[in-house]
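Note sheet for the following structure.
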Amino acid sequence: MKKSVENLTQYIRNTIITSPLLGVTVALCCGIITSARLDGELSFNSAPLIIGTVLLGLTIVLDITIRWSKPLFFILFAITGYILAAIALPPKSNITADTKVEVIATLKSDFEQNKRWKRATIEVVAAKDSASKQWIASNFGAHLHIDTSKHQNNIRIGDTIAFNSRFREFSSDYGTFRRTMALKGIEGEFYAYNYHIIGEVDSSKISLRQRITSFRTDCAEQIYKIDTLRPDLTATMSAMTIGDKSKLPRQTISDYRNSGVAHLLAISGLHIGIIVVLLNILFSTFKLWYGVGRVVYSILIIAGLWIYAFFVGMPPSVERAVIMFSLYQLATLLHRSGTSINILCAAAIIILITNPLSLFEVGFQLSFTAMIGISTLYRPLALLYKTENWLVRGIWSALCVTIAAQVTVLPLVVFHFGTLPWAGALFNVLVWVATPIIVLSTLLYLITTLRFIGIIGVWATALQNDVFAAVGSQPWAVIRDINLPLWILILIYLVEFILITFFRERSEHRSRIAVASETQKIRS
């Protein structure tokens, strides 16, 4: 027992030494959390962040002890995180809830259809209370709902509109949704039956982000034309490929969520991996060039990934995946090596410096938690079974990735959403077959406009949707109404940390013995 503890301790020490950015990341997170909690509004129920700060704060202490690092270095990053978060905290609403107001606002996003109503994001410029009759300057975000049964929507992004409505704050019952909206500066919502445009946007002043959004909307409309008789399938293809979920049916969302694969409906690291494969096929010939071939290849791959990331709106999961691959590609180009945890920490530092409030987003937490699981647990799982059959090896590899991610993500999912979609661990293997076909065929259709290519994507989407609809309708597919207390969540992650670390140490120990045995056979 004593020897096992010593081996475990030594393994932790080696992990910290080979991942010097871990302490820096923790210090930055501590500063951001402190700033948000002192603000009093964004703290919410940030228990997972507090847990992470406490656990990884211990890492800082070990890092300082093992490497004799200067504490002032970490304090500097903690102060940096504090200042960045304080600057990024969104402005608060100065309108009293449930009061009727006249509002002047600017449209910031396209409208998304939701049966009778369409919803978009606006930035409130000024508001006049119906009682005081005085205009109050404002600067906060909100959702605007327009009744489509009354009139057709003709507002463009950047237009200034005026309307009368009551301001409604998001109910605390919304939980995660309310917290996510507050992080984006969206304080509540308006329901407007009538409106009028008081200022149209100058086409020459439309921002690049707005132009990209408009282009993405045009691409979505092109995808919807593949099969007009089954709009639920083309809407799924649009969501999985270009991130447009404006016409995604609620039933489809429910089926995917109950099946534990709701992440497929948002662009994530899996989709980025598919794009990498496509770009590698397109640009692999550049590696054959003498001299600068590999440099040109790396630049084209990185550029292609960033163009796609901006096109789909740069969600946190995509940002993380693109930054990680870019760092890995640069390290390969410069003949440098680095641990996956170190690269993951570098990606986190870049994201948090550019947008420190990303730390509080559930998508950010789930994305990095999944990557931590894959980085630490995939290789030991993959070594448990070896085969020369490429098909079996591929299925086993996909299953190991799924298990590694699910083990670390599920406790956080239960804590945030109160549900345990355990069936996803069983059916995620289907994702590795259908999703690449859907994404690649849809992208190729957009590039070539050849309808038969799009039909391939429709066929794969129909198969995938049917499977997840059948699974999602089963009562056993998801366990609901789970109240996971904070102390249990802490205990789960402590146990997982110890077990994963011990499992990795034992796996590497067996690998060293196997290598030594093979070496001895060769020598003899």
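Quick notes on this one:
- Counting Lys and Arg as +1 and Asp and Glu as -1 over every other residue whose Cβ lies under 15 Å from the Cβ of Ile353, the net charge comes to 0.
- Sorted by Cβ neighbour density within 10 Å, fewest at the top, the residues Ser375, Ser441: Ser375, Ser441
- Per-residue Cβ neighbour rank within 10 angstrom, fewest leading, Trp432, Trp476: Trp476, Trp432
- Each residue of the stretch 479-492 was assigned a 3J(HN,Hα) from its phi angle through the Karplus curve 6.51 cos²θ - 1.76 cosθ + 1.60 (θ = phi - 60°); the sequence is 9, 10, 6, 9, 9, 8, x, 4, 5, 6, 4, 4, 5, 4 Hz, with glycine and proline shown as x.
- Rounded if a/c under 1.5, otherwise prolate or oblate - the stretch 262-360, Cα gyration tensor axes: oblate
- In terms of other Cβ atoms within 10 Å, Val292, Val407 run from fewest to most in the order Val292, Val407.
Throughout, read-outs are computed from the coordinates displayed, never taken from laboratory work. Remember, it's a predicted structure, so these values are computed and weren't measured experimentally. No Cβ is skipped: glycine too gets one built from the backbone with ideal geometry, and neighbour counts run over all protein chains shown.
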